[in-house]
Each structure stands twice: as structure tokens, then as C-alpha cells.
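Below you'll find the structure, written out as C-alpha cells, and then a few comments.
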Amino acid sequence: RDMFPSLLPSYSTLIDADKSVVRFALSRMNFNNGWLVQGEAPPGALFGGFKTLIRSQCASQNDVSFYFLHWLTDLAGAEPTPLQGAEKFVLKFPHFVLHAFLRSFPEVWKLADHTETAVLESYLMQRWRELGLDKEYTPDTPGYGQPGSVVTLARLALQAQRHSNQVIPAFAKLSPEARATLCEEMARTGIRGQAFSDAPNVAGGPAILVYYSPAFLQKNAGHDCAGCMEILAEIYRQGRALWPLSHHMEGSVTLQIAEIKGLLTTAVMTLVEGEGWYLVKKNSKEAAVERLKAPAALQLQRQGVQARRLNLGSL
């Protein structure tokens with residue numbers, strides 16, 4: 001479109017302002033909408049690339065909204081069946097997920113004029129009220145008023161999806177240490193100078209993204225939500241040990257938990273003698289939870305690979 005615009009008559013005949021809208025919509029956003037509607041990612045990881053592109057192209061809310069129109073039509077045509085209609089959406093896309101995506105679009109449009117953290121907080125608070133959690137989270141809830149607790153509970157509720165009503169009762173059952181860890185780490189933005197309104201003093205970085213935490217929570221929230229959240233707190237805790245907090249650092253790191261995402265908490269806790277769950281550092285930005293036998297863990301240590309054993313014995 002930039003090198004040979006004459007090959008695309010429908011583009012080349014547009015006025016310059018409309019061409020810029022098209023160029024923006026076709027740019028690489030590095031935006032994962034699933035991370036937003038499931039509360040999976042901190043604002044820096046979620047919106048950082050998108051916001052950088054908005055700034056570099058001086059994009060407006062209209063430009064951002066056109067991007068989502070393009071996203072929607074592009075996905076609808078991913079498997080074209082003209083005679084049958086948009087089968088991708090009707091038959092192959094969970095309706096509640098599509099609904100969540102569509103309802104999130106107007107919030108993301110605000111990214112043109114607001115910070116990454118402000119946009120995520122606005123979306124989280126909208127869903128917080130819609131789910132009725134503002135009425136469930138009362139002063140008699142253990143941990144009520146803890147800095148970062150509202151953002152943390154909103155994110156966990158979105159991750160739990162149909163079991164969102166289990167999150168606040170489970171939060172009340174957590175150990176004080178687990179509540180403190182979740183409230184601090186899940187309210188960290190990873191963006192210098194930005195903080196959630198209920199966690200104004202939670203600063204520094206890197207922020208932590210626990211990849212597949214929604215899948216793990218959805219697997220367990222219906223019967224052991226508190227146990228699942230305790231395990232997540234321990235993963236955050238060991239992630240922070242691998243990446244110590246720095247008040248001069250921003251950005252995010254990713255902790256992959258693919259190996260436990262489909263397991264019940266009882267299965268995670270059931271280990272044979274000599275086995276353990278370890279958070280193994282893969283590079284400067286990623287670590288992964290792995291089940292290792294003692295010799296394998298020792299071999300990693302000899303190779304200089306950083307790994308932290310998850311302390312699940314007291315959970």
C-alpha cells in the first residue's frame with residue numbers, strides 16, 4: 001500500500017486523511033484482546049505497543065475504532081463461506097467471548113486520549129460493577145481496603161469467568177501473605193509514572209504476566225478457588241525472586257504456566273518423592289513452571305540456569 005499504491009485503486013483514490021486511517025488499521029498493534037477481557041495482563045504488556053503506535057501516528061479515537069471494525073470484519077472473513085454466512089462467528093467462536101470482545105471495544109478507543117493504566121482501570125471497574133462485585137466486597141471482607149485489592153479482585157474475577165462469584169469468598173480465605181502478594185503484583189503497571197487509583201504507591205518493575213492463569217483459575221475456581229489463588233500467589237512470589245523489584249525499571253516479564261493450566265489443584269499438589277514444581281528462567285523476559293525430578297533440578301543448577309522451587313507444601 002505504501003510502495004505501489006496504484007495497484008490498489010480503492011486505496012490510492014482515498015484522500016490523505018483516509019489513507020492514514022487505513023495505514024493505522026493495518027499496522028502491527030501487538031494487542032491481545034483476550035488478555036484484556038480475561039484480565040490476564042498488566043497495562044504495559046497489554047497496551048504498550050498499541051499506545052506507542054497511536055503516539056507515532058497521532059491516531060485519534062476514530063482511528064482506533066476503525067481498527068476494531070477492520071479486526072471484526074477480518075476475523076469474520078477468515079473462513080469465508082458466502083452462501084452460509086459468517087460461520088467463524090456463528091459456529092466456531094464462543095458467543096460469550098465474542099460478546100466480551102465487542103463490549104470492550106469502546107473502552108479501548110479511549111487509548112488515543114488516556115494512559116494505558118487509565119484505560120485498563122476503566123474497563124476493569126466497568127466489569128467490576130456489572131458483575132456486582134462492588135456490592136460483595138464489603139468492609140467485613142478480610143483484606144478489605146488493602147492497596148491494589150480492587151484491581152486484583154477485578155482481574156481475578158475476569159479470569160475466573162463463570163466462577164467470578166467465587167473470587168471474593170476465596171480472597172477472604174487466603175493467607176495474609178498470599179493476599180499481599182496478589183494485591184501488590186497484580187496491581188503493578190510496569191509503566192513508569194503510572195499507577196492504579198487504588199494502588200498509588202505500587203511502583204517499579206518489571207510487572208509480571210502469568211500466562212494461562214485464566215485457564216488455571218477456570219479449571220479450579222468452581223471447587224477450590226482459594227487453593228488456586230494460593231498457588232498463583234506462590235508463582236508470583238517466586239517470579240519476583242527471579243526478577244527483583246527495581247524502582248528504576250519498567251516493562252513486563254512472562255511466567256508461563258502451561259504445564260499446570262489444565263490440572264486440578266489436587267493434582268498440582270500431588271508429587272512423587274523427589275519431584276517438585278520449579279519456575280525455570282528461560283531468558284531475560286520469560287520463565288516457565290516445570291515439574292522436575294531432583295537430578296534434573298540439580299543439573300540446571302550446575303548449568304547456571306536460575307530456577308526457583310515452588311513452596312507448595314504449606315498451602
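The values are calculated or read from the model by the stated rules, or taken from the named source; none is laboratory data. It should be emphasised that the depicted structure is a prediction, and the values quoted were computed from it without experimental measurement. Neighbour counts are summed over all protein chains in view; Cβ atoms, including those assigned to glycine, are modelled from backbone coordinates with ideal geometry. Ligands, DNA and RNA are excluded from the accessible area calculation, which covers all protein heavy atoms including side chains. Shrake-Rupley method; radii C 1.70, N 1.55, O 1.52, S 1.80 Å.
Applying a threshold of 7 Å to beta carbon distances and a minimum spacing of six or more residues, or different chains, the list of pairs starting in the stretch 235-251 at a residue that is farther than 17 Å from A45 by Cβ and ending at one that is part of a loop (DSSP other than H, G, I, E, B) and open to solvent by 40 Å² or more (accessible area, probe 1.4 Å) reads H247/A203.
Report whether or not S104 is closer than 18 Å to G39 by Cα, at pLDDT 95 or above and either open to solvent by 80 Å² or more (accessible area, probe 1.4 Å) or not in a loop (DSSP other than H, G, I, E, B) (or both). So S104 does not fit the description; no.
Residue by residue, here is whether (1) touching a Phe, Trp or Tyr at 6+ places or on another chain (Cβ under 6 Å); (2) within 30 Å of G49 (Cα to Cα) holds:
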position: A207; (1), (2): no, yes
position: L232; (1), (2): no, yes
position: A258; (1), (2): yes, yes
position: A294; (1), (2): no, no
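Those helices (runs of 4 or more DSSP H) of the stretch 210-315 in which at least 1 residues are surrounded by 14 or more Cβ atoms within 10 Å (Cβ to Cβ) and basic (K, R), considering only elements entirely within it, cover 213-242.
State whether one or more residues within the stretch 184-192 are of a type in the set (G, A, S) and over 19 Å from the mean Cα position of the chain (by Cα). For the stretch 184-192, residues of a type in the set (G, A, S) and over 19 Å from the mean Cα position of the chain (by Cα): absent. If only residues of the stretch 1-56 that are β-branched (V, I, T) and open to solvent by less than 40 Å² (accessible area, probe 1.4 Å) are counted, the one that is nearest to P94 (Cα to Cα) is V37. Any residue that is part of a helix (DSSP H, G or I), open to solvent by less than 20 Å² (accessible area, probe 1.4 Å) and at negative phi - is there at least one of those in the stretch 195-204? Looking through the stretch 195-204, none of the residues is part of a helix (DSSP H, G or I), open to solvent by less than 20 Å² (accessible area, probe 1.4 Å) and at negative phi. Among the conditions (1) crowded, with 18+ Cβ neighbours inside 10 Å; (2) of a type outside the set (G, A, S); (3) in a loop (DSSP other than H, G, I, E, B), W109 misses just one, which is (3). The residue pairs whose first member lies in the stretch 293-314 and is within 13 Å of W277 (Cα to Cα), whose second member is modelled with pLDDT of 95 or more and open to solvent by 100 Å² or more (accessible area, probe 1.4 Å), and whose beta carbons are closer than 9 Å, counting only pairs six or more residues apart or on different chains, are A297/R309.
Scoring P142 on the criteria (1) touching a Lys or Arg at 6+ places or on another chain (Cβ under 9 Å); (2) buried (at least 16 other Cβ atoms within 10 Å of the Cβ); (3) not in a helix (DSSP H, G or I) leaves a single failure, condition (2). Scanning for something modelled with pLDDT of 85 or more, open to solvent by less than 80 Å² (accessible area, probe 1.4 Å) and within 24 Å of the chain's Cα centre (by Cα), does the stretch 75-87 turn up at least one residue? Taking every residue of the stretch 75-87 in turn, none turns out to be modelled with pLDDT of 85 or more, open to solvent by less than 80 Å² (accessible area, probe 1.4 Å) and within 24 Å of the chain's Cα centre (by Cα). Quick check on F68: is it open to solvent by 60 Å² or more (accessible area, probe 1.4 Å), of a type outside the set (S, T, Y) and either assigned to a helix (DSSP H, G or I) or under 24 Å from L120 (Cβ atoms) (or both)? Considered against the rule, which asks whether it is open to solvent by 60 Å² or more (accessible area, probe 1.4 Å), of a type outside the set (S, T, Y) and either assigned to a helix (DSSP H, G or I) or under 24 Å from L120 (Cβ atoms) (or both), F68 comes out as no. Would you check if P169 is in a helix (DSSP H, G or I), of a type outside the set (K, R) and surrounded by fewer than 19 Cβ atoms within 10 Å (Cβ to Cβ)? It is true that P169 is in a helix (DSSP H, G or I), of a type outside the set (K, R) and surrounded by fewer than 19 Cβ atoms within 10 Å (Cβ to Cβ). Restricting the first member to the stretch 265-292 and to residues that are farther than 28 Å from P244 by Cβ, and the second to residues that are open to solvent by 40 Å² or more (accessible area, probe 1.4 Å) and not in a helix (DSSP H, G or I), the beta-carbon pairs closer than 7 Å and six or more apart or on different chains are G274/K293. In the stretch 128-137, of all residues being closer than 19 Å to M229 by Cβ and not in a helix (DSSP H, G or I), the one that is most open to solvent (accessible area, probe 1.4 Å) corresponds to L131. Here H99 meets the list (1) within 27 Å of I191 (Cα to Cα); (2) within 19 Å of the chain's Cα centre (by Cα); (3) not acidic (D, E) almost entirely, failing just condition (1).
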